[in-house]
Every structure is written in C-alpha cells, then in structure tokens.
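Single-structure report; data block below.
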Protein chains: 4
Amino acid sequence: MIKIKLSAIILILFILLSSGFSQGRKEISIPNIPGYITLKCDFHMHTVFSDGTVWPTVRVDEAWLEGLDAISITDHLENGSRRNEIKGDDNKSYDLAVSRAESLGLLLVKGAEITKGMPPGHFNVLFTTDANPLDNNDHRIGLKIAHDQGAFVMWNHPGWKAQAPDSAIWYDEHNYLYDQDWFQGIEVFNSTESYGEKVYRWAKDKNLAIICNTDIHGIVGMQYDLVNGHRPMTLVFAKEKSLGGIKEALFARRTAAYFNDSIVGREEHLEGIFKQSIEQKNHEIKLKKGFTDNIYIYNSSDIDYVLILQKKSKDFSVPEKIVLKSHETTLLPLTGITNNCDNIHEINLSFKISNFVVVPDKNLNISFKVINHN
Amino acid sequence: MIKIKLSAIILILFILLSSGFSQGRKEISIPNIPGYITLKCDFHMHTVFSDGTVWPTVRVDEAWLEGLDAISITDHLENGSRRNEIKGDDNKSYDLAVSRAESLGLLLVKGAEITKGMPPGHFNVLFTTDANPLDNNDHRIGLKIAHDQGAFVMWNHPGWKAQAPDSAIWYDEHNYLYDQDWFQGIEVFNSTESYGEKVYRWAKDKNLAIICNTDIHGIVGMQYDLVNGHRPMTLVFAKEKSLGGIKEALFARRTAAYFNDSIVGREEHLEGIFKQSIEQKNHEIKLKKGFTDNIYIYNSSDIDYVLILQKKSKDFSVPEKIVLKSHETTLLPLTGITNNCDNIHEINLSFKISNFVVVPDKNLNISFKVINHN
Amino acid sequence: MIKIKLSAIILILFILLSSGFSQGRKEISIPNIPGYITLKCDFHMHTVFSDGTVWPTVRVDEAWLEGLDAISITDHLENGSRRNEIKGDDNKSYDLAVSRAESLGLLLVKGAEITKGMPPGHFNVLFTTDANPLDNNDHRIGLKIAHDQGAFVMWNHPGWKAQAPDSAIWYDEHNYLYDQDWFQGIEVFNSTESYGEKVYRWAKDKNLAIICNTDIHGIVGMQYDLVNGHRPMTLVFAKEKSLGGIKEALFARRTAAYFNDSIVGREEHLEGIFKQSIEQKNHEIKLKKGFTDNIYIYNSSDIDYVLILQKKSKDFSVPEKIVLKSHETTLLPLTGITNNCDNIHEINLSFKISNFVVVPDKNLNISFKVINHN
Amino acid sequence: MIKIKLSAIILILFILLSSGFSQGRKEISIPNIPGYITLKCDFHMHTVFSDGTVWPTVRVDEAWLEGLDAISITDHLENGSRRNEIKGDDNKSYDLAVSRAESLGLLLVKGAEITKGMPPGHFNVLFTTDANPLDNNDHRIGLKIAHDQGAFVMWNHPGWKAQAPDSAIWYDEHNYLYDQDWFQGIEVFNSTESYGEKVYRWAKDKNLAIICNTDIHGIVGMQYDLVNGHRPMTLVFAKEKSLGGIKEALFARRTAAYFNDSIVGREEHLEGIFKQSIEQKNHEIKLKKGFTDNIYIYNSSDIDYVLILQKKSKDFSVPEKIVLKSHETTLLPLTGITNNCDNIHEINLSFKISNFVVVPDKNLNISFKVINHN
C-alpha cells in the first residue's frame, strides 16, 4: 500500500468516527437488592485478536447498547490462526477498546483466556495486569502468575461437548488448582448451554462464583434475540459501580446467572431481585362464595415470573400457575368456594418461582398476603 | 505468542465454526419485474482491512441473514490507519470472504474503493480482477486500470458533507472521467443520506446507474432497524442470478435505489415493481348515494405504498391519501354522493405514489379500474 | 328517550360509519393444497344477542382484519340473561351482520348454538335456514329440525371442564344422535383448550370433521396475541371460496384444526400444506470430511415447522432438531464425518414434524433429498 | 325464546365469566409531577346503548388493560337508532359497568353526551348524578341541569368536519353557555383529529380544561396501534387517585392532552413531566479539540422526546436534533472545535421539545448543564 496524505487520513477518520450507531442504550430492568447494586456483566468474549470476528471496540459498543455495565474481552492466549493477518501482543484488544469504554461509561475488565485441552480445559483470567506472561504451555504456570497478579479466575464451560462429551467432569487437576485457590468461579451457563444441577452443585459445595457468559465470537445481535430477549449475563451484586466494586463482589461470590428467562443463584440474591421487582397493589379483598376478587401485582422488571401454586385451599380457588409478565400488572383472581368466606381473616398464598433456581436444586419460594375484609 | 498443539487449534476452529448465527434468512419481498429478476445488492462496505470493524466473513453473514443476493466488500485502497495490527494486500478481504459466500449461495463481487479528496472524491470499483494495481496516488491511473480490467465503477456519496459541504458539485474532473467512460454509476443514497433531485438528474441526464449502498463500517444491525425496516440497497434487475447477470445489468443501467420506504429509479422498473406487488381483488362495485362500497387491494411486498389521489370526483368520494400496507389487504372505500350513481359505468381512480420517485423529479402514477355494477 | 331530528340522526350515523378501523387485513399465509383452496374459518362465536359483549358487526370486522375467509355467529338459542336490555329473535345477529360481511367479502354462515347440559352438551348448527325453530327444550327436536334444514352440526367442546370434569365422555345419547346423522363434526380445540388424542381418535374412527373454534365472547384481540400469533381456526379445504364450497367441504370432512403453532388433521391435507409451504433451494451439495455444506429451505408460510431427525447417519452429522421459521430461509448444515464422503451419491434426510399431528396419534413425516456432487 | 333451566344459565354465566382476557395491564410510564399524581383518563366513549358496538364492561376491560386510571362512558342521550334491539334508560351503561370497574380498581365517572347540531354541537357531562333529565330537546335545559348536578362539562370535538367543515367556530351560543359557566373544558383532540392552535388558544384564553379523548365507538385495539403506541388520553394531575380527586383537578384545569407522541398543556405540567422522565447521568465532561465526549441521558418514560437545539456554539458541535427515546439512555455527543476548550467552565445546552406544546403556540424549553473538567 502507498502512504496517503493527511487530508485523506482525516477523511477516513471522519468516516470511522461517524460510523457509530443510531440507537440508544436499552436499559435492563433488574433491580438492585438491599445493600448492593445489581451490575449486568459479560466476562467472556472474543475479537479478531484471537478467533472472534470483530474489532475490540465493537464489543464495547454492543455491551453499551445492550444495557451491560461491565465486560471483559478474553481473547485466547494460545492462538496462531490469524498470524498472517493480525499483529499484536496479548494486551492488544484491551488497549484498543479501553478509551471507547471510558467515553461510554462502561467498565472494561482486562482479561484473557487460557485455552487448554481437558483437563483442565479453558480458564478466564479477569483483572490481569499483563496478559503476556499468562501465555504459557503449562497452564499451572499461567494460572499461578494470574494468582500472583491478584486476578479472579473462572473455569469456562465445564460441560462443553467438545471437551466433555458426556457431561462435566471434575478431574484431579481441578482439585489441585482449586486447592491452590487458582480459580474462584465457574460458568454454569455459556453461550446457549446450561450445565445443569451437577455444576450448580459444584458452585454451591465448593463456593465458586456463579458465572454466565456469552463467549461471543461473532455479532451478539445475530446469536440472540435482542428485541424480545437479552444476551446471557452474570449479575454482580456490588457495593459500588466500579472495577474495584466488581472485583470485591466476584471474590465474595455475590453473583447470579441470568439466561433466557431464568436466574440461577443464591437464595438471598434471588429473593432480593423478586421483592424489588414486584409491587402488590392491594392488601385487602372481599371473598364471597361464587364471586371473584383480585389481587393486583405489578412487575417492574424485565423478567416474566412463572409462579406455581404450592397448596390449594378448600375455601377459595386461585390459578395453579400464573405468570407475572414483565412491566405489566397481573390479576391474581380469588374465587370463594365455601360458605366459610366470612370467617377467613388473612390469606397467605405460597408459590414457587419455576424460573428462579436456588443452587443446587430448589426453586425460590415466595408468598402474597391479603386481609379478607368482610 | 507460543505455538500450540494441533488439538488446541482444532478446538479453536470448532468454536469458530460453531459460533454462527441462530437466525434464519429474512427474505425481502420485492417482486421480480417482467423479464428480470430483482436482485437485492449492497456494493459498498468495509472491514478491518481498511477502517471497518468486522472480519470480512461478517459482511457475508449479515448480507445473507438480511436477505441480500449480492454484495461487494470495498475496502479503501489508500489506508494505513491499522498498519500496526493488520497485514494483507488489497485483495485480502475478498479472499477471506469468498468461500463463506459460496457456501451460503451469496454472490460476492470483488471490489475496492479508490479514496481521494474532492475532486474527484471516492470511487468504488466492482468486478476488479486484482485490486492491488488500482492503489495509486493518481486516481486517473487507478481508474484507467479498473476500466482495462472491465470493471464497473461508481462515484460514491457525491453530496457527502465532508467533501461537498454545500451540495454535490460536478467538477471538470468528473467530465474528464465520464468522457473516458471510467465510471458508469453514482450513489444517489449512501448510509443515511439521500442526495436528492440534483443527483437524480445527473443519473438520468448522463445515464448513470442509480446506486444505493450502506457504506457500512460497523455492524449493520446497530445502524438500521432490521426488525421494522431494512438496510439501504441497490435493486438490480438482472437476466439471471449470477455475477455475470449483475455485471450486465449494471452496465445496462437497470438499477434502482431502495432506502427507508422509498424507491428511486426509472419508470418502467418502478411500474413493474408496483404491478407485481399488488393484486386488486374485486373489479366490480355497487355505487349508491350515501352508501359505501370497497375495492380491496392486497400488497404482497415489503413496501408500504403511499397513494395520493390525483383528481376528486363529483360523483363519489374516496380518500385523498391511502396507504397500501405491506402484506395487508387494504380497503379503498367509495361513497356515492350524487343521484347520478346509476349512470356511471366505469370508474378509474388515479393516484401518484409519493414514495416512488421516477428520476429526476416525478412520482410514479398508477390507477385502479372498477366497473360499477348497478 | 326523546326522538331526535333527522339531522342529528345523520350526524350519529356519520360517526358510526367513520368509526371503523384504521388497520388493513393481515393475510394468513397457509397455502392451498392440490385441488383445494385453504379457507380460514371460525364457526363458533357470540355477541350481545346471547352472552357475548359485542355487536354482531364486530365479529365480521375482527374476522376480516385477522385474515379469516368465513365465520359463523352462533349465539345461544336458550338465553335469557339479557332480556332486560336486548330484544330480537334467534336470527337477529345474522341479520345485523350480513350486509357488513358482504361489503367486506367475508362469508357469513348462518348459525346458532343449541345449549344443553351433558349429555349431550352444546351443538353448533351451521347453515340453518331459520334458527327460531331450533330453540326447543328437547335437543332431539332441535337437532332433527337442523338436519331437515340441511344444516351441518358439530359437537362443541366435548372436554369442557364444566361439563366433563375428568375428560370427554361419549354417552349413549351421542350414539343416538350420531346414528341419526344429526352431527357430522367435533371441536378438537375450543378457545384455549385442546381435547387431545382421545377426541382426535373419535374424529378419525367416527369420521367426524375436525373443528377448531374460538368460542369468543369478548374481544378476540384481548384473548389471543394477534401480533406474534393468531386466533384458533378451522382450515377448510374447499373446491371454491363460497358458502356452498364450505358446506360441501364440511360434509366431506376436509378440515383441519390450526391452533397455536400446531395443525391437527388428516395426512393428505397436512402433507399438502407442508409441501406447498416450503421450497428446497438447492438439490446438490458437496460433502467432505470435516467440512460443512448447507441445504437451504425457504418457508413461505406463517407456520414455524419443528423438525425432528428420524435417523442419524454415520457418514455425516446434521442437527437433530431444526426449526424452519416462518418467512425465513433456514440452513440445514451437513458436516462430513467419515472418509467415505466421496462414495455417497444421494442423501435422504427424514424428519417428523412435531407440531403437525395426523389424527389420532402420529406426526407427519417428511424428507429432503440432495445429490452429493463430488 | 324459551326459558331455560337454572343449570343452563349457570353454564352460560360460567362461559361469560371465564371469557376474560389473557393479558395483563400494560402500565403507562408517564411520571407524576411535583405535588400531583398523573392519572391517565379517557372521558368520551360509546357502547351498544347508543351507537357504539360493545357492551359497557368492554370499555372497562379495555381501559384497564391499556393502563388507564379512569374513564367515562358517555353514550348519546338523543339516540333512537337501536330502539328495535336495545332497552334501557340513560344510566344503563354506567349501571352495567360499575361493578366490573370496581373489581378492577378502575375509576368510572358517570357520564353522558348531549348531542346537538352546531351551534352548540356536542357536550360531554361528567359526574352526572342522573343522566335521564339531561336528555332534553333544548340543550340549555340539559346543560343547566348538569350544572345543578355539579357536573363538569366539556365541548366535544369543536373542529369536527361534520359540524365545522372549515374550522372550529366559537358561536354566540358558546358565549352564552360559557358565561353561565355551563362548560369548563374543551376537546383539543378527539379520536384522530387535533384541532390545532386555534382551539389551544381558546383553552388558554378562556381557561378551559384541555381534554383529549378517543370518542371510541368500536374496539380500541382496531383503531390505535396499542403495541407501538397508545390510545389518546387526557392526563389529569390530581391530588389523589379517586373520583373526587379527578373532579377537583378538572375544575382546577390541571389537565393535558396526550396523543400520538405529543403532549399539549400548560407549562408547569409539561415541565414537570419532562423533569421527572429524564435523568442526566453525568455532570462532567472533558472537552478537547477534535475529540468527542458524551452526556448520557436516561428517559424512563414512554414518550420519545424530540429535542431541537436552540443555539449553536462556536466552541463545540452538538447535534441540532436529538431524540431521547423511551426507556433508553441516549448519548448527547459534544465535539470540541476550537483551541479554547480549556477555558470553558460550564456548558449550558438549550433545546426546545418539538412534541411538547405549551398552549397556545410555544414549545417547552429545557436545558442540560455540564461542567467542563479539564
């Protein structure tokens, strides 16, 4: 190529700068919980600097538009597939994206992916201070350096078919790494795969942070329905919206996985989300045999809560399944069925939320209370 | 970076291959016209190999998903802005994308952009056989080589503010290039800009092919609303769906611009699209004073036709404006207003289509005929 | 109320006439099948003239806007609940709606509902010539008169919980009515309820027309998601689009039920719909070990076809489940897995369509063929 | 008709009760303003008890689902068009709807429409205690009785083409009625018609409450796009959510019109809505020549605010038009253009909101302030 005049460069830059996006940021309505800010995060993604197909700034733009608060670009360290086209060391994608992130107010966690056969598989290093020394044939060396850098490390897609054809296996090598405290989190969901109760149980029993990432290589909008749905993400319950806040929360295991219309996490966090999402609009009804009165419940979150009734009453009927749709007020109708209605004072309706999983194998239980005002 | 074992490479390739898209191709409903296939094309786009932000295969994937039949990747020849990260000659983006295009059945036209200050501005070369020799400080040399290669060349964004702050100007240099037959087309629309009647007139008077492109640098889905709308495109009326078919049609100037909900082109093409889009379901009505009867019109295309009545009748009233919405059957109500209804035999309703522009400055006129059956 | 001047009446009429709808008719894309036109019909609905909440013309307007070809308003004959507000005999709702239907080109079948306790439950009479004499305390008398009028009669919602708390029961009385040929069809789906394999089997074994209706009392748009879905309907495969054509097809049992994203019917009709819905775009691929080539399938219908692979191959891999989305072209990727690829000549992929039920209990089987071109 | 057994009636009632709606209430996000609750109201609609096409309860269900807080059913008093089918006095539609409204928590204002030729045209009476005596050939008698009942009265659709072919006219009779204080509000918008600056001026100069209603006769969902838009409504700024609260606010003229994406009203109310809708996320930027920094603005309301820049700066460029889209965070980019950037301390950006009209003829002006932090 021939060098061009400054004016042409300016022209080209002008195109580059103006070729932004015409949309605004779509905020995600998942509420804060008592004591913590709920940050929406994706800690696993790739660019042209490993085997992804976009420039690092695209990851920032996508994340901003799609309502995320923080991301980490985690290009494979061991990667030679594009050596004929791409130059740059293992910090390159971070370096190219960080100023764009700053101008958009998005938190960019410096990261990298250690990419090995199974065991031990792939590991994401977050909050690395320099990714180059992590790139070592011996994963133990890379992980030790990450640890020495103060990084937070997660085991990626433990049940990925290409490395775990039957199901996720916890090898001796994982015991070794775990005992050294060289990883503190685990992906329970990656891309479009959920690894189920087995991995949820590891997260609980071994006290690993519950992580959910896209592992996106292409364009997020091509892989997920962003109009009616959302990309998978890790919810981080942080004391403040900052890189430090995220790091503290990750090490403290205050995270949950949000994929499709499900959230998987710890009871106190899930309960916090539900309670801050919904508002019961009336606390009194009139129960009368053969008549229906309603409880109104407003759900201000993006989540459709699917409630399953826990116990039928002999005094009144109520739907066995009810969906509290996102941004809607739902009627919960109670129809009196006995003559006993006048003697009922307080009604307590217990439901489990079928799309809220408390690790490893329970659903979150919630209830609504009303006074019968006769 | 350290070289990795084959197994790791295979793993990475597996990720790459599987990181496709989860959507299908959304076909664009714009009908063929008598004698020609209507191909949906975008002949102007960039990748990381100039100042775009995606790998060349992304341009193929986007185009396929968004219903296009053909594209050209036209990276700037004069481009050094990413020399620290990107290696490769001026054919690189084509070379990396062509097999992906073939496996998807998308036609990939080999292209490049000659990028100069004004005059003469930027020119896209389509059907180049080798882009490297086009990269010359002297645009005349580059354009002559393009011509000798048998390429089709268009003048890009003639009214782009950065090069034409007031409005598009046809310089002497454009006369020179035009007289040599070194360009045969002109962008009347680029990205989000329409260059209006002035440029439409050039297209008509100088018999240049009417071209409409995205000039996309980022992600198409971030810049256009692909759910309710579409990306800008050039409609090419070809004898066959092939690279040769496109080339023949371009040189024959059988093209139109489709942007937002408008189409700009030549009368015979626009009339062909309209007539193949709509079906008048009934050809008889009963007109009676004070009563309303309807003509039903089904529009099978993606275009909302905005019709403006050309002349009121004293015998019946009919809406002055009516929109034939995409994929809907619309009622066109006629209400009798005189006692003369019985004497009317044939009714001819003339409308102009306000969003169909016949270059340089007319709207397409169409009409509906019904027999009054009394 | 006081009588008003003519001018005021005209004003009011003007309001009435102008208070139409601002939308067009959304056509339903379910194709015709060889030899027959596929008519979209709803044969069960109510108005203020029994226990519905709309004026009869609303049923016509809804049906037209929502893409139906024919409806029947079937108000309950035995109905006194609104005698303080509503006057009119059992033909009234038809009489008030028929001219509106004619001006919209919608076929209005004159109908009524015989409404009895179980057995025998509720029966819809279509093509009655006069509904008044059908209104008799003895359902046998009503059904005999219907039969003498040449009407087509269906058993409504046989599994409706209020009359069949456990599941649908075929009583002796149904044998009696069936032996008289006093009913010829049965609702396998009503409103939001499917009556499952048991009732499908009756339809098959007793050769009853398969019927699917809304039984709408309120507003269709409040009960069904008309943006992303559709109202339940009966598909009638008729020789012509006319009242006579519908009647002939009903008696000939050429019908299917279309609810949610499922169709339930007879094999030849379901196969016809599938084959006319899809177009396999390529008939040759190149199979190579470790590489993927694609079959492209375009689905021009409104139905998302859910295909389940019937048998895996040892030579290539193909997804076990694939959804052919409505109005999209879907890739069906084949990846070579043995060295044997060159020796394969023809590939035949068999799938069952999980949302197409051939009564009583099978799924429709279909296949795609390609030549391997090496 | 023949009388039926109780069991059949119960069956029918069961159908009626269960034929509700399957959707939830879509809440409208227009914020409260300091000191007042913003109630969403529609005070003009019809049922089968005049020339509408739905049962009164449908009006309640529609309003609840569509997020309204209060409605009034205002059937024409002078109405004989359905005397062959409909029985009932002028309070009937209220009487039939009120218990349904109560069970849904919707406020139902008892109303009626006095329907006369022009002058004076049509008038809606809200908070009537008995509609029957309002039904008088002499509109003065009806309006006087309304006044004596303590009712709030509005002049309906003053610019309706059928009564005001050229434009709205304020007749002597209107002076008479106004001087008696027999009406206190005026529709500036009705159905799909805006009466423009002329009527806005009357509202302002004569201190009439600004009213916006659907005047719906058919189904709301057929006439308005409820998915992407909303029905027209009057915003009432009330001290409490109750019938009394609405009445007090109407007489105090604390109302605004909300139609399409526009709000028309008084400055203090419009400013309150805007300020409670938006949150400026950052209050500091760094302005540098040739670089862009952003102000982020989150809009939590349902309204897309269209901002037009009031004055360009010589120090930085900023878009001349910007849309703050509903439920999105929008970037407001500032690009430094002089060397003077370091000396700028505070930046004040003034915009007018083109879709917020302060009666009679101004747009609401607002501004954003940031500190330049160099």
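When nucleic acids and ligands are ignored and a 1.4 Å probe is applied, residue D:361 ends up with an accessible area of around 90 Å². With the alpha-carbon atoms of the range C:60-100 aligned to their principal axes, the span from lowest to highest coordinate is 35, 17, 15 Å, starting with the largest. Taking the Cα centre as origin and putting +1 on Lys and Arg beta-carbons and -1 on Asp and Glu beta-carbons, what dipole magnitude results for the range D:259-374, to the nearest 20 debye? I would put it at about 380 debye.
Average projection, convex hull of the Cα set of the range B:133-209: 5.4 square nanometres. Once the convex hull of all Cα atoms in the range B:116-168 is built, its volume per residue stands at 67 Å³. Based on Cα contacts under 8 Å between residues 6+ apart, chain C shows a relative contact order of 14 percent. Here the scattering of the range B:170-301 is modelled by Debye summation over its C-alpha atoms, one equal scatterer each and no solvent; at q = 0.09, 0.17, 0.22 Å⁻¹ the log10 of I(q)/I(0) is -0.39, -1.01, -1.36. Rolling a 1.4 Å probe over the protein heavy atoms of chain C, with every protein chain left in place, gives an accessible area that is 49 percent carbon and sulfur. For the range D:329-371, report the % of Cα-Cα distances exceeding 14 Å. For the range D:329-371, the share of Cα pairs beyond 14 Å comes to 64 percent. Report, for chain D, the % of DSSP beta bridges that are antiparallel, rounded to 5. If I count the DSSP bridges inside chain D, around 70 percent turn out antiparallel. Taking the chain by itself as reference, the range B:296-341 contains these residues with an accessible-area loss of 30 Å² or more in the full protein complex (1.4 Å probe, heavy atoms): B:296, B:328, B:329, B:331. At the residue level, residue C:283 shows approximately 100 square angstrom of accessible surface with a 1.4 angstrom probe and all protein chains present.
Straight-line cross-link reach from residue C:92 at under 15 Å between alpha-carbon atoms covers these aspartates and glutamates, not counting any fewer than eight positions away in the same chain: C:51, C:75, C:78, C:113, C:130, C:135, D:85. Report which residues of the range C:222-267 become buried by 50 Å² or more of accessible surface when going from the isolated chain to the complete set of protein chains (1.4 Å probe; DNA, RNA and ligands ignored). The answer is C:222, C:223. Against chain C, whose longest principal axis comes from its Cα atoms, helix C:267-277 is set at around 70 degrees. Here residue B:141 and residue B:241 are evaluated by their C-beta separation; at R0 = 30 Å the FRET efficiency comes out at 0.30. Candidate cross-link partners of residue A:325 among the lysines, defined by an alpha-carbon separation under 23 Å and a same-chain spacing of 8 or more, comprise A:26, A:40, A:275, A:281, A:311, A:312, A:352, A:362, A:369, D:26, D:40, D:325.
If R0 is taken as 56 Å, the Cβ-Cβ distance between residue D:81 and residue A:339 corresponds to a FRET efficiency of 0.75.
From largest accessible area down, sort A:75, D:304; use a 1.4 Å probe on the protein chains. Each step should come with its number before you reach the end.
On the way: A:75 15, D:304 45 Å².
Descending order: D:304, A:75.
Kirkwood radius, the protein assembly as shown, all distinct C-alpha pairs, inverse of mean reciprocal distance: 35.8 Å. Restricting the calculation to Cα atoms, every distinct pair contributes to the Kirkwood radius of chain A, found to be 22.7 Å. Per residue, the range A:284-374 exposes an accessible area of 49 Å² to a 1.4 Å probe, with every protein chain left in place. Remark: the range C:80-147 carries 36 Å² of accessible area per residue (probe radius 1.4 Å; ligands, DNA and RNA excluded). For the range D:214-252 versus the range B:290-304, the spacing of their alpha-carbon centroids is 32 Å.
The number of Lys pairs in the range C:182-269 with C-alpha atoms less than 24 Å apart, excluding pairs fewer than 8 positions apart on the same chain, is 6.
Shown here are the Rg and Dmax of the Cα trace of the range D:281-359, at 13.5, 42 Å.
Segment residue D:284..residue D:225, full-extension length gain: 17.2 nm, with 0.36 nm per residue of separation and the alpha-carbon distance subtracted. In degrees from 0 to 90, rounded to the nearest 10, what is the angle of the helix C:196-205 Cα long axis to the longest principal axis of chain C? Taking Cα atoms only, the helix is inclined about 80 degrees. Between rounded, prolate and oblate, where does the range C:266-315 land on the alpha carbon gyration tensor, with a ≥ b ≥ c its root eigenvalues, rounded for a/c under 1.5, else prolate if a/b exceeds b/c? The shape class here is prolate.
Nearest 5 is fine: what % of DSSP beta bridges in the protein assembly as shown come out antiparallel, could you say?
Numbers: 224 of 308 bridges.
Looking only at bridges with both residues in the protein assembly as shown, the antiparallel portion is about 75 percent.
What 222 nm value per residue comes from the helices of chain A, counting each DSSP H run with n ≥ 4 as -39,500 (n - 2.57) and dividing by all residues, nearest 500 deg cm²/dmol?
-7000 deg cm²/dmol
Buried surface between chains D and C: roughly 5000 Å² of accessible area, summed over both sides, computed with a 1.4 Å probe on protein heavy atoms only. Computed over chain B with a Gaussian network model linking Cα atoms closer than 10 Å, the most mobile of B:187, B:346, B:268 is B:346.
For the range C:19-91, rounded, prolate or oblate, judged on the Cα gyration tensor with a ≥ b ≥ c (square roots of eigenvalues), a/c < 1.5 rounded, else prolate if a/b > b/c?
Here the range C:19-91 falls in the oblate category.
Couplings 3J(HN,Hα) for the range B:145-156, derived from phi with the Karplus relation 6.51 cos²θ - 1.76 cosθ + 1.60 (θ = phi - 60°), are 4, 4, 4, 5, 6, x, 6, 9, 10, 10, 7, 8 Hz, where x marks Gly and Pro.
Taking a straight line from the alpha carbon of residue C:289, these aspartates and glutamates sit under 14 Å away, with near neighbours fewer than eight places off in the same chain left out: C:315, C:342.
Surface listing: B:371, D:347 arranged by accessible area from highest to lowest gives B:371, D:347, probe 1.4 Å.
Surface listing: B:81, B:277, D:300 arranged by accessible area from highest to lowest gives B:81, D:300, B:277, probe 1.4 Å.
Rounded to 0.05, the FRET efficiency of the residue D:294 and residue B:308 pair, given R0 = 56 Å and the Cβ-Cβ distance, is 0.85.
Here's how it looks for residue A:183: its modeled amide H is under 5 Å from none belonging to a residue 5 or more places away or on a different chain.
The values are calculated or read from the model by the stated rules, or taken from the named source; none is laboratory data. Bear in mind the structure is a predicted one, so any value in this text is a computation, not a measurement. Every residue, glycine among them, receives a Cβ derived from its backbone with ideal geometry; neighbour counts consider all protein chains shown. When the accessible area is computed, the model is the full protein with side chains, heavy atoms only, and any ligands, DNA or RNA have been set aside. Shrake-Rupley method; radii C 1.70, N 1.55, O 1.52, S 1.80 Å.
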